[in-house]
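Undergrad: Okay, handing you the structure first.
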Amino acid sequence: RCASWTSEAPVAVGDADQIQFLKHSTRTRATINCNFSEHAPCPMEPHHPRRAPTAAMDPPSPAGARPAMSHSSAFLLPSSATPAASADAYAVVVLNQRLPRFAPLLWDRAQVRVCADGGANRVFDGMPELLPGHARDDVRSRYKPDVIKGDMDSVRPEVKEYYSNLGTKIADQSHDQDTTDLHKCVAFITDNSPGSDKSNLCILVLGALGGRFDHEMGNINVLHLFPNIKIVLLSDDCLIFLLPRTHTHSIHIERSVEGPHCGLIPVGTPSTSTTTTGLRWNLDNTHMSFGGLISTSNIVDEDQVMVTSDSDLIWTISLRH
Amino acid sequence: DYLQEDKMLWRTIRSMEVMAHSSSFLLPKLHQPAKTPANNYTLVVLNQQLPRFMPRLWAQAKMRICADGGANRIFDEMSQMTNDLDRNRYIPEIVEGDMDSIRPEVKRFYSSQGSKISDKSHNQETTDLHKCISSIRHRTPDHEKANLCVLVTGALGGRFDHEAANINVLYVFSDMRIVLLSDDCLIQLLPKTHHHEIYIESSVEGPHCGIFPIGAPSTSTTTTGLKWNLSDAEMRFGSMISTSNIVDSDKVTVQSDADLLWTISLRNLT
């Protein structure tokens, strides 16, 4: 059933010409998006992961040694539905792409709002568009960033002046070309947030996905550079965040706003062992890597998804419209 | 001892096979160079808004494949781009995939115009792009494989797990030339098995570029032709990766111990 077990994959051995091709074909023999469902064992290679045999044979789980980290997308719920005891402090960072439709909701939820350079243009133009029933100036003064940060080569001069007049701090960092705009914003927020314990801080980032691919990769790298800070990248279609390998993860699914499509992606390094519960196609001590299996087009089946892995993973889930 | 030293020297100067890359397929048809690294183009259209330079790709390709809802995109958007109301001019040779997004009237139209409808709905294990690449590979005779380049639109943006799965297709089929294109940029795999020479078409691409060790870190990458070149550098997510780099030459070279993803920005093409 796997697409790679089709006749074009060369399997003859012994012929000198084909040995070169076989070396190459080690890359192509694994399926992708294999959903680990009931599979007849593939006749080819033992590399193809199978479902766990029986409990008695389960390998000892290292999960007990790691601290737990929990995740929730409650920030996407309408404000009336917010659980009263939520202790999370939210910051919003807006990068230079079209605002997603829920931008006003997240902005209202946050205690700190930072625009990275041209993100200020997006807030200036986009917030009135998302709230058409209100006067533009009212919207703009209500949705005023606390800080505009970055190298200032994209923000329009009139936008910068407008917000500066309203009290927005302009933090020009054009001298620092070594870090991305998002990196600068995350560093700023963590440096300026009260207390040394950042565990209840959650940074929501708009405009980090899509657009120029090197920007997207730089933004995903920021997640890996700050593994102990909760940073969520959001678009109209989905959200992503890092599951650092140092923790076991409990992801609470808000079914009214997210799902069912999800995935787990080993962007930086392969995972020799990942285990999940709560998904339609769970992983069980499974190997994941680019060139082989990664978990995409999976489905959340329960309200809680648990993930343990020996490698940092990117979790992604679709957002409902 | 002398002999051993000689052997060491031989290992270090032995060069890898060179793989050349060029985005000349983005040039207008009249400006195509006489010789390109690969000149047999197949176009795969996935289900996202068509990039504005789609007419150039369509003209360039010998074979056009719509992956499922990609057929809706050609049906709806192509005539606006070309100011040509005649849909008959843009008929894909093949419509392939699990057929859960293509509109029935679109499927009927292309079927009636001669497109081969390749229904793969029985196979739910792989993405539409994987199915298309797999079929292309199967259909291409061995002696033509080196000359083949698959151009893919609609693979980036949208749902992140789809994007990751599409990028993984580049890794799974790493012995094929596959280029993912969007309005903003293109990406392609630079397999570690080769020394890469990337010829820059500055009228259509650049200057922003980047190189990423997706899937596994690199302990040693060396480049030339970039504003910030790498010299035996380590690259890893969680550490340094090359983003917002700038092409500084007509030719960029890359050699690495890891498979890398190359990206370059595209200029505003119509």
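The values are calculated or read from the model by the stated rules, or taken from the named source; none is laboratory data. Just so we're clear, the structure is a prediction, and the values are computed from it rather than from any experiment. Note that we place each Cβ from the backbone using ideal geometry, even for glycine, and neighbour counts take in every protein chain shown. Note: areas computed on protein heavy atoms with side chains; ligands, DNA, RNA excluded. Shrake-Rupley method; radii C 1.70, N 1.55, O 1.52, S 1.80 Å.
Undergrad: Hey, among the residues in the stretch B:227-241 that are touching a residue at least 12 places away in the same chain (Cβ under 8 Å) and more than 14 Å from chain A (Cβ to nearest Cβ), which one's farthest from residue B:208 (Cα to Cα)?
TA: B:232
Undergrad: Name the single residue, out of those in the stretch B:186-199 being over 21 Å from residue A:211 (Cβ atoms) and hydrophobic (A, V, I, L, M, F, W, C), that is farthest from the chain's Cα centre (by Cα).
TA: B:198
Undergrad: Residues of the stretch B:115-140 being facing chain A (nearest Cβ under 10 Å) and basic (Lys, Arg), which ones?
TA: Within the stretch B:115-140, B:120, B:131, B:137, B:139 qualify.
Undergrad: When you go through A:294, A:299, A:317 one by one, which is the residue that is open to solvent by 20 Å² or more (accessible area, probe 1.4 Å) and β-branched (Val, Ile, Thr)?
TA: That would be A:299, the only listed residue that is open to solvent by 20 Å² or more (accessible area, probe 1.4 Å) and β-branched (Val, Ile, Thr).
Undergrad: Looking at residue A:225, is it open to solvent by less than 50 Å² (accessible area, probe 1.4 Å) and within 25 Å of residue A:146 (Cα to Cα)?
TA: On the way: open to solvent by less than 50 Å² (accessible area, probe 1.4 Å): no; within 25 Å of residue A:146 (Cα to Cα): yes.
No.
Undergrad: Among the residues of the stretch B:254-270, how many are part of a strand (DSSP E or B) and over 18 Å from the mean Cα position of the chain (by Cα)?
TA: Total meeting the criteria: 2.
Undergrad: Then there is this: So, of the residues in the stretch A:142-193 that are of a type in the set (Gly, Ala, Ser) and within 26 Å of the chain's Cα centre (by Cα), which turns out to be modelled with the lowest pLDDT? I'd like the intermediate steps shown before the answer.
TA: Of all residues in the stretch A:142-193, those of a type in the set (Gly, Ala, Ser) come to A:150, A:154, A:164, A:167, A:171, A:174, A:187, A:193.
With the extra rule that they be within 26 Å of the chain's Cα centre (by Cα), the set shrinks to A:150, A:154, A:187, A:193.
Details: A:150: 87, A:154: 92, A:187: 93, A:193: 81.
In this case the residue turns out to be A:193.
Undergrad: For residue B:126, indicate whether it is β-branched (Val, Ile, Thr), part of a loop (DSSP other than H, G, I, E, B), buried (at least 22 other Cβ atoms within 10 Å of the Cβ) and on the phi < 0 side of the Ramachandran plot.
TA: Here the answer is yes, as residue B:126 does meet what is asked.
Undergrad: Restricting attention to strands (runs of 3 or more DSSP E) lying wholly within the stretch A:238-321, give those where 2 or more residues are farther than 19 Å from residue A:208 by Cα and not assigned by TED's automatic domain parsing to the domain that holds residue A:100.
TA: Here the list reads A:248-252, A:258-265, A:271-277, A:286-288, A:295-299, A:304-309.
Undergrad: Report, by residue number, each residue of the stretch B:226-237 that is outside any strand (DSSP E or B) and either in contact with a Gly (Cβ under 6 Å, 6 or more places away or on another chain) or crowded, with 20+ Cβ neighbours inside 10 Å (or both).
TA: Scanning the stretch B:226-237 gives B:230, B:237.
Undergrad: For the condition in contact with a helix residue (DSSP H, G or I) (Cβ under 6 Å, 6 or more places away or on another chain) and on the phi > 0 side of the Ramachandran plot, what is the one hit in A:150, A:211?
TA: The match here is A:150.
Undergrad: Another one. Kindly indicate the residue of the stretch B:202-215 that is under 17 Å from residue A:214 (Cα atoms) and assigned to a loop (DSSP other than H, G, I, E, B) and also farthest from the other protein chains (Cβ to nearest Cβ) among those meeting that condition.
TA: Filtering first and then ranking leaves B:213.
Undergrad: Residue B:81 fails exactly one of the following numbered conditions: (1) open to solvent by 40 Å² or more (accessible area, probe 1.4 Å); (2) farther than 21 Å from residue B:184 by Cβ. What is the number of that condition?
TA: So the condition that residue B:81 fails would be (2).
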